[in-house]
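Below is one structure, written out as structure tokens; the observations come after it.
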Amino acid sequence: MATKRTTSSRKVGKVMHEMKAGTLRSGRSGKKVTSRKQAIAIGLSEARKAGAHIPKKKARKRAA
């Protein structure tokens, strides 16, 4: 039984593959992306542009 992958997981998977291959570049500067978190953010951004519904990250609560 194959699992159904969502648009977001496919995009993030593709971007992570590019990062590991060393071909993922950031926006204007064109620098190589080496950060795992940055690669995931790029993948989620591409998925949002493709029309996938991805909730925004929850804001942290501040300590009193």
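What follows is calculated from the coordinates using simple rules that are stated; it is not laboratory data. This structure is a prediction, so every number in the text was calculated from the model and none was measured. Don't worry about glycine lacking a Cβ; one is built from the backbone with ideal geometry, like all the others, and counts go over all protein chains shown.
Under a 5 Å amide H cut-off, with hydrogens placed 1.01 Å from N, Arg25 pairs with Val33 among residues at least 5 apart or on other chains. Spin-label model, Ala64 to Ser35: label points 7 Å out along the Cα-to-beta-carbon direction sit 3.3 nm apart. At q = 0.26 Å⁻¹, what log₁₀ I(q)/I(0) does a Debye calculation on the Cα points of the chain give, no solvent, two decimals? Summing over Cα pairs of the chain leads to -1.09. State which entries of Lys20/Lys57; Lys11/Lys57; Lys32/Lys56; Lys14/Lys49 exceed 22 angstrom in Cα-Cα distance in the structure shown. The pairs that break the limit, which is 22 Å between Cα atoms, are Lys20/Lys57; Lys32/Lys56. Each residue, Arg28 and Met16, gets one label point 7 Å from its Cα in the Cβ direction; the gap between the two is 3.0 nm.
Ranked by the mean number of other Cβ atoms within 10 Å of their residues, highest first, the peptides 39-46, 57-64, 15-22, 28-35 come out as 39-46, 15-22, 28-35, 57-64. Take every Cα pair under 8 Å whose residues are at least 6 apart in sequence, average their separation, divide by the length of the chain, and the relative contact order is 35 percent.
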